[in-house]
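Q: Let me begin by handing over the structure; questions about it come next.
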Amino acid sequence: MTISEPRLDRDDLTTIGQELHRFAAELYPICRSITGNGLRETLKKIQEIVPLEIREVPSGTKVFDWEVPKEWNIRDAYVKNQSGRKVIDFQEHSLHILNYSVPMQARLSLSELRTHLHSIPQHPDWIPYRTSYYKPDWGFCLRHRELQALEEGEYEVCIDTSLEDGNLSYGEIALRGESSDEVLISLHACHPSLANDNLSGVTVAAFLARLLREKKLRYSYRFVFIPGTIGAITWLATNQENTKRVRHGLVLTCIGDAGGFHYKKSRRGDAEIDRAMAHVLKHCGEPFEVLEFSPYGYDERQYCSPGFNLPVGCLMRSVWGTFPEYHTSADNLEFIRAEKLAHSLRVCTQAIEVLEGNRSYQNQNPYCEPQLGKRGLYGSRGGQAIPEEIHARLWVLNLSDGSHSLLEIAERAGLPFSAIREAANVLLESGLLTEVVAVS
Amino acid sequence: MTISEPRLDRDDLTTIGQELHRFAAELYPICRSITGNGLRETLKKIQEIVPLEIREVPSGTKVFDWEVPKEWNIRDAYVKNQSGRKVIDFQEHSLHILNYSVPMQARLSLSELRTHLHSIPQHPDWIPYRTSYYKPDWGFCLRHRELQALEEGEYEVCIDTSLEDGNLSYGEIALRGESSDEVLISLHACHPSLANDNLSGVTVAAFLARLLREKKLRYSYRFVFIPGTIGAITWLATNQENTKRVRHGLVLTCIGDAGGFHYKKSRRGDAEIDRAMAHVLKHCGEPFEVLEFSPYGYDERQYCSPGFNLPVGCLMRSVWGTFPEYHTSADNLEFIRAEKLAHSLRVCTQAIEVLEGNRSYQNQNPYCEPQLGKRGLYGSRGGQAIPEEIHARLWVLNLSDGSHSLLEIAERAGLPFSAIREAANVLLESGLLTEVVAVS
Amino acid sequence: MTISEPRLDRDDLTTIGQELHRFAAELYPICRSITGNGLRETLKKIQEIVPLEIREVPSGTKVFDWEVPKEWNIRDAYVKNQSGRKVIDFQEHSLHILNYSVPMQARLSLSELRTHLHSIPQHPDWIPYRTSYYKPDWGFCLRHRELQALEEGEYEVCIDTSLEDGNLSYGEIALRGESSDEVLISLHACHPSLANDNLSGVTVAAFLARLLREKKLRYSYRFVFIPGTIGAITWLATNQENTKRVRHGLVLTCIGDAGGFHYKKSRRGDAEIDRAMAHVLKHCGEPFEVLEFSPYGYDERQYCSPGFNLPVGCLMRSVWGTFPEYHTSADNLEFIRAEKLAHSLRVCTQAIEVLEGNRSYQNQNPYCEPQLGKRGLYGSRGGQAIPEEIHARLWVLNLSDGSHSLLEIAERAGLPFSAIREAANVLLESGLLTEVVAVS
């Protein structure tokens, strides 16, 4: 039997961190939305990393209680003052436009214009991110100090957008493993120039897929790069057969900033991914917190809706909505850090190593301990403290009664999964264990 | 479907607090006991608030391992000194007599008299409360400084009591709701001039019954105003059919003082009343503690005896036996406070709102979230934090899979039950939920 | 019905402590090993306390994955320097020889000799304890300052040992109780001059067996005095029928030093012995800690191997391997204390009292409380706090529904088992309880 052991953490983390950040920087300027060419262009960029398939779902498609909206595209948008100077210019920053703004050509007084302007008084140098996907509206977002500098007078508003029948685009890559059971990795790729939310998730997932493509895998893996909410709903509605194969899943979001890790458990609360992630974070060397499930957040909301109740958790660093830069222009390329992206990638690979390697075994010598010494698996000199690798072997032997997985053994032993996995490998080679094949 | 929603907390708490205290003050001077006219008079007073039925159970009636005792009545009792001055006078305070004292006419020396006198050296200005229900005895209770002031000489003792075949009286009011399942509210009404223990429970229960009489109720309610221990045993022995209908129950005692709340769980420990009460106290804004069940206390001892094991908990403020004023004349009308009685009443009504409103629902759109926005149930402007009422809706939708009650949802969401109940009402109106009818 | 109630703690603890320490002192100088005459002599000494049966298992006997080794005996061992002076002398201390050293006669240079010498640089005045049971080797252990004092030159090494076919010896005493279900008490008796590890366990067990022989017992008891690891494996392999009768078990080790108690739970984690021991320690008046099971330690490793999974825990004071004196000559007769040995013995007897007395009862008056007063089991004067013995009776009555053992009642009541046992006895005498006979 081959022990699948995808060593995914051997890359130079510094190098890969730089690559991750560089790729995020390429995606950063694009004005994405839940539909349209910005999203499509983003998916095409990802194809440079992994052979993503791009799917198009037509506007008007019924997806459960929702409907795929009209496709939104933007060419330009600005506000000019009386002197003809652009006081707000979409070309300067994609956040300036209220996302999904309807087309508009108008001349307005300042007071009329103001009802369509959004700013953050507490952070006068940041542009907020605002959307109006389902209520036809238009507007601009700008720095509060820019708003305050606007003088009385007539303004010219130009919003050169289109909102027409088209498609919702998403990207998907499936990696085939030994089993048709799947691990789902999902992330929203719909936000415009916001780095942590969620170019961090997009880049880490793309590189994770690239790493896994080179491995012999136990599980099959499916990565979906989708617009938030409507994209997850569309994917679930149009891939219901696939959902039945999801054994484990992760939503990745806000994983590039300097904050400690937060893992939000699946609705089930005790799914294998929940235990694997908690285990990996406990040993990851960074501060972390494991959060209970709640029905608001990102697309785990949909995966964990009661009809699906999939074992999908959400990995974050700083929690969305809790950091001041969230949904503002301050969530920029400086806010995410190369080494944090790299370490997030490593945490993902370690969680996958746990899932890949988490099997159950039967001790073939269950009556008393087998004599490890005669197999060279024990120190020969008695009377001294035994080292951790022997502890790991004793734990595996003691709990390999068919009802404990290696992850459970690692948790009970207080040892990292890799040490327990390594002990199991050694004991398997010695013929002291046999694998227990679960009947599913 | 009508959602029963008894808004019981809309009364002006200040006004109702004054009413509660005034009623306690009317009952205070009466010399109650476990039988007799003082108890009967008390029940008749309560009839001025609610149409209580008064039951009489004859002396000698076998009630499980016990027997209803002879009826005790007292007309007068005093001790006169040699000068003929009353040095202890029952007319001054009902606690002066050892409750259930046998009749006595005697002339005694001070040293003989002393063996029948009870005082509290640590609190020389307080009269203790002492009883001798089951062992024929007589005695007086007095302030320790009065005891010390007694001079040598002969004393005349007069105890004009009777202990004869008669009845044990108790009061009962049943309010009929949609279901024949009952909520039992029980309190001991047998203590003489002691305010917190238990005129506080008596008055709050009487006013609670009055409030509930005006409501359309899901459950039926039964209030029993009984003498402690023997009264509860008598009620259980003579109402065994009723006990089978008890779905939830509360004993109310010592709920008028300034202390924080204490809720003692039922023997079951996880009964719905236990969870409801813990929930209400968590959100009540006063300090509180939830205590494990123990087999000593007030009448929950009987309701939670192993043969019945009813889901009956006990609500208190300060715990009986732990405050120095307990069972002394210092447990007087100053010791209980109008606003504390009123807030205790409100906590009771809130617990009843939980019981009344705690149902389970089935999300009719269990696959992904339903689109709340198109129903006007979500903010239309994306990108900003969602308010608590939307959180409540998402929680109800996510957990309404038929296996979570609204109380469980409220607990998991960390939101007050009323917010969850309100969310469920809104979702029901939108057709997004249907009620799950439990098969009992 | 007779309630078996072995009052084992009435002995004068000071006297018994001195006896225990005196017996440990007699055993201390003997050079024990996992086989041989030192072990045999030790078992014969124990026969002076209790009629131990000594078993001999021939070398070469297959015991699961192991084999009984050749028997090792030592007559003398020394190292002489060029002047003919013994610089290391086994006669001075049994730890000087690497235990299980093969015979050796040689003349060596200092540097050659050094490769066979063991010392502890951090503790230059202590001799380490080292063994080489399964790899043929020879060596000496000595104080580091002695090692450093060795001068260049030729040394004469003499190790007069034999390693030949013989037997592994162990001692066993079985005490017959009402039931054939057994309590197993196991301790390793193979260490040479080390007092806490494990003459403490040996002496306490011998005296415990002596105490129990005088009692009428519910369970049968089996004490095994065995060499560590190979002895436990040998006992298990050659007594497999007996293992099926083991209902509770304890390994005793390192229970004579001044440290607080440590109880390591059985692999099951919630065995009755685990709960009994935790209960006894909670009330023992010394610091204590309850440790989770782990598969390294002493012979509980074998009893708790997955094939047996016996309910055997391990009682210690300081945990082996964690105190600096462990496995050195500093674990001597001063390191163990008479009063600590005595208190350890008392803790063992208290745990046995729990096991012996832990039964379940049925309250014969389950509807409401029975009237304790008329049976003289309650205070007759109402209105005052009830004492602990009445609390204990109420707890027993309330929870004696056939599904709670007395130990569970004691835990829930927060009272010592003895108080609950006493309450049950009183209630049994009053006819208020009947025993629930478990169907096994």
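The values are calculated or read from the model by the stated rules, or taken from the named source; none is laboratory data. None of the values given here were measured: they were computed from a predicted structure. Every residue, glycine as well, gets a Cβ built from its backbone with ideal geometry; the counts of neighbours run over all protein chains shown. In case anyone asks, the SASA skips ligands and DNA or RNA and just uses the protein heavy atoms, side chains included. Shrake-Rupley method; radii C 1.70, N 1.55, O 1.52, S 1.80 Å.
Q: Against the definition (open to solvent by less than 30 Å² (accessible area, probe 1.4 Å) and either touching a Cys at 6+ places or on another chain (Cβ under 8 Å) or part of a loop (DSSP other than H, G, I, E, B) (or both)), how does C:SER101 come out, yes or no?
A: On the way: open to solvent by less than 30 Å² (accessible area, probe 1.4 Å): yes; either touching a Cys at 6+ places or on another chain (Cβ under 8 Å) or part of a loop (DSSP other than H, G, I, E, B) (or both): yes.
Yes.
Q: Oh, and also: For C:VAL202, only one of the following conditions fails: (1) open to solvent by 10 Å² or more (accessible area, probe 1.4 Å); (2) touching a Ser or Thr at 6+ places or on another chain (Cβ under 9 Å). What is its number?
A: (1)
Q: For C:SER119, are the conditions met, namely being within 14 Å of another protein chain (Cβ to nearest Cβ) and in contact with a strand residue (DSSP E or B) (Cβ under 7 Å, 6 or more places away or on another chain)?
A: On the way: within 14 Å of another protein chain (Cβ to nearest Cβ): yes; in contact with a strand residue (DSSP E or B) (Cβ under 7 Å, 6 or more places away or on another chain): yes.
When the stated conditions are applied, C:SER119 passes them.
Q: Can you name the number of the only condition in (1) modelled with pLDDT of 95 or more; (2) surrounded by fewer than 17 Cβ atoms within 10 Å (Cβ to Cβ); (3) more than 14 Å from chain A (Cβ to nearest Cβ) that C:GLU214 fails?
A: Every listed condition holds for C:GLU214 apart from (1).
Q: On the phi < 0 side of the Ramachandran plot, free of Cβ contacts under 8 Å to residues at least 12 places away in the same chain, open to solvent by 10 Å² or more (accessible area, probe 1.4 Å) and more than 14 Å from chain B (Cβ to nearest Cβ) - does that describe any residue in region A:319-333?
A: Restricting attention to region A:319-333, the residues satisfying the condition of being on the phi < 0 side of the Ramachandran plot are A:319-320, A:322-326, A:328-333.
Now restrict to residues that are free of Cβ contacts under 8 Å to residues at least 12 places away in the same chain: A:322.
Still in the list and also open to solvent by 10 Å² or more (accessible area, probe 1.4 Å): A:322.
If we keep only those that are more than 14 Å from chain B (Cβ to nearest Cβ) too, we end up with none.
No, region A:319-333 contains no residue that is on the phi < 0 side of the Ramachandran plot, free of Cβ contacts under 8 Å to residues at least 12 places away in the same chain, open to solvent by 10 Å² or more (accessible area, probe 1.4 Å) and more than 14 Å from chain B (Cβ to nearest Cβ).
Q: In this structure, does B:PRO124 turn out to be over 15 Å from B:ASP89 (Cα atoms) and either in contact with an Asp or Glu (Cβ under 9 Å, 6 or more places away or on another chain) or away from chain C (no Cβ under 14 Å) (or both)?
A: On the way: over 15 Å from B:ASP89 (Cα atoms): yes; either in contact with an Asp or Glu (Cβ under 9 Å, 6 or more places away or on another chain) or away from chain C (no Cβ under 14 Å) (or both): yes.
Spelling it out, B:PRO124 is indeed over 15 Å from B:ASP89 (Cα atoms) and either in contact with an Asp or Glu (Cβ under 9 Å, 6 or more places away or on another chain) or away from chain C (no Cβ under 14 Å) (or both).
Q: So which pairs qualify, if the first residue must be in region C:370-383 and within 25 Å of B:PRO128 (Cα to Cα) and outside any helix (DSSP H, G or I), the second must be open to solvent by 60 Å² or more (accessible area, probe 1.4 Å) and modelled with pLDDT of 60 or more, the Cβ gap must be under 7 Å, and the two must be at least 6 apart or on different chains?
A: C:LEU372/C:TYR378; C:SER380/B:TYR134; C:SER380/B:LYS135
So that you can scan it fast, the table gives a plain yes or no per residue for (1) within 12 Å of chain A (Cβ to nearest Cβ); (2) of a type outside the set (Asp, Glu); (3) in contact with a Gly (Cβ under 8 Å, 6 or more places away or on another chain); (4) not in a helix (DSSP H, G or I):
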| site | (1), (2), (3), (4) |
| --- | --- |
| C:ARG267 | yes, yes, no, yes |
| C:ARG275 | no, yes, no, no |
| C:ALA278 | no, yes, no, no |
| C:GLU286 | no, no, yes, yes |
| C:SER294 | yes, yes, no, yes |
| C:GLN302 | yes, yes, no, no |
| C:GLY313 | no, yes, yes, yes |
| C:LEU345 | no, yes, no, no |
| C:ALA351 | no, yes, no, no |
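Q: So, one more: Give the residues of region B:323-375 that are among the charged types (D, E, K, R) and closer than 30 Å to B:HIS118 by Cβ, sorted by residue number. Explain how you work it out, then say what you get.
A: Of region B:323-375, the ones among the charged types (D, E, K, R) are B:325, B:331, B:334, B:337, B:339-340, B:346, B:353, B:356, B:359, B:369, B:374-375.
B:GLU325, B:ASP331, B:GLU334, B:ARG337, B:LYS340 - these are the residues of region B:323-375 that are among the charged types (D, E, K, R) and closer than 30 Å to B:HIS118 by Cβ.
Q: Moving to a separate point now. Just one of (1) farther than 29 Å from C:PRO387 by Cα; (2) open to solvent by less than 30 Å² (accessible area, probe 1.4 Å); (3) more than 14 Å from the chain's Cα centre (by Cα) trips up B:SER294, so point out which.
A: (1)
Q: Related question: Return the residues of region C:50-60 that are more than 13 Å from C:LEU163 (Cα to Cα) and either surrounded by 15 or more Cβ atoms within 10 Å (Cβ to Cβ) or within 11 Å of chain A (Cβ to nearest Cβ) (or both); say none if nothing qualifies.
A: Within region C:50-60, C:VAL50, C:LEU52, C:ILE54, C:ARG55, C:VAL57 meet the criteria.
Q: Taking only region B:334-352 into account, find how many residues are open to solvent by 30 Å² or more (accessible area, probe 1.4 Å) and over 15 Å from B:GLY259 (Cα atoms).
A: Total meeting the criteria: 2.
Q: Right, something else. With (1) over 31 Å from the mean Cα position of the chain (by Cα); (2) open to solvent by less than 30 Å² (accessible area, probe 1.4 Å) as the list, and C:SER109 as the residue in question, which single condition is left unmet?
A: (2)
Q: Here's something else I'd like to know. Please find, among B:LEU377, B:LEU372, the residue that is more than 11 Å from every other protein chain (Cβ to nearest Cβ), surrounded by fewer than 24 Cβ atoms within 10 Å (Cβ to Cβ), out of contact with any Leu (no Cβ under 7 Å at 6 or more places or on another chain) and not polar (S, T, N, Q).
A: Numbers: B:LEU372 fails: more than 11 Å from every other protein chain (Cβ to nearest Cβ).
One residue alone meets the criteria, B:LEU377.
Q: If you go through region A:61-76, how many residues are touching a Gly at 6+ places or on another chain (Cβ under 9 Å) and of a type in the set (D, E, K, R)?
A: 3
Q: Would you mention how many residues in region B:405-426 are out of contact with any Pro (no Cβ under 9 Å at 6 or more places or on another chain) and either open to solvent by less than 20 Å² (accessible area, probe 1.4 Å) or within 11 Å of another protein chain (Cβ to nearest Cβ) (or both)? Break it down into steps so the answer makes sense when it comes.
A: Filtering region B:405-426 down to residues out of contact with any Pro (no Cβ under 9 Å at 6 or more places or on another chain) leaves B:405-409, B:411-412, B:414-426.
From the residues that got through so far, the ones that are either open to solvent by less than 20 Å² (accessible area, probe 1.4 Å) or within 11 Å of another protein chain (Cβ to nearest Cβ) (or both) too are B:405-407, B:409, B:412, B:414-415, B:417, B:420-421, B:423-425.
Residues meeting the conditions: 13.
Q: Next up: Checking the structure you have, find out if any residue of region B:283-291 is in contact with a helix residue (DSSP H, G or I) (Cβ under 8 Å, 6 or more places away or on another chain), among the acidic types (Asp, Glu) and farther than 20 Å from B:LEU199 by Cβ.
A: Yes: region B:283-291 contains one or more residues that are in contact with a helix residue (DSSP H, G or I) (Cβ under 8 Å, 6 or more places away or on another chain), among the acidic types (Asp, Glu) and farther than 20 Å from B:LEU199 by Cβ.
Q: So which strands (runs of 3 or more DSSP E) are wholly in region A:125-189 and hold at least 3 residues that are out of contact with any Leu (no Cβ under 8 Å at 6 or more places or on another chain) and open to solvent by 30 Å² or more (accessible area, probe 1.4 Å)?
A: Result: A:154-164.
Q: Taking the condition among the acidic types (Asp, Glu) and not in a loop (DSSP other than H, G, I, E, B), does B:GLU112 pass? Steps first, answer last, please.
A: On the way: among the acidic types (Asp, Glu): yes; not in a loop (DSSP other than H, G, I, E, B): yes.
When the stated conditions are applied, B:GLU112 passes them.
Q: Continuing with this model, one more query. Can you find, within region B:62-92, the residue that is nearest to the other protein chains (Cβ to nearest Cβ) among those that are open to solvent by 40 Å² or more (accessible area, probe 1.4 Å) and within 16 Å of B:ALA232 (Cβ to Cβ)?
A: This residue is B:PHE64.
Q: Hey, could you check region B:353-369 for residues that are closer than 14 Å to B:SER430 by Cβ and open to solvent by less than 30 Å² (accessible area, probe 1.4 Å) and say which is nearest to the chain's Cα centre (by Cα)?
A: Looking at the filtered set, the residue picked out is B:TYR361.
Q: Can you tell me which of B:GLN18, B:GLN47 is touching a helix residue (DSSP H, G or I) at 6+ places or on another chain (Cβ under 8 Å) and open to solvent by 40 Å² or more (accessible area, probe 1.4 Å)?
A: Working: B:GLN47 fails: touching a helix residue (DSSP H, G or I) at 6+ places or on another chain (Cβ under 8 Å).
Within the list B:GLN18, B:GLN47, the selection yields B:GLN18.
Q: Another one. Of all residues being part of a loop (DSSP other than H, G, I, E, B) and surrounded by fewer than 19 Cβ atoms within 10 Å (Cβ to Cβ) in region B:218-258, which is farthest from the other protein chains (Cβ to nearest Cβ)? Just the residue, please.
A: Narrowing region B:218-258 to residues part of a loop (DSSP other than H, G, I, E, B): B:218-219, B:227-229, B:239, B:244-245, B:253-258.
Restricting the remaining residues to those that are surrounded by fewer than 19 Cβ atoms within 10 Å (Cβ to Cβ) gives B:239, B:244-245, B:258.
Working: B:ASN239: 12, B:LYS244: 13, B:ARG245: 17, B:ALA258: 22 Å.
Within region B:218-258, the match that is farthest from the other protein chains (Cβ to nearest Cβ) is B:ALA258.
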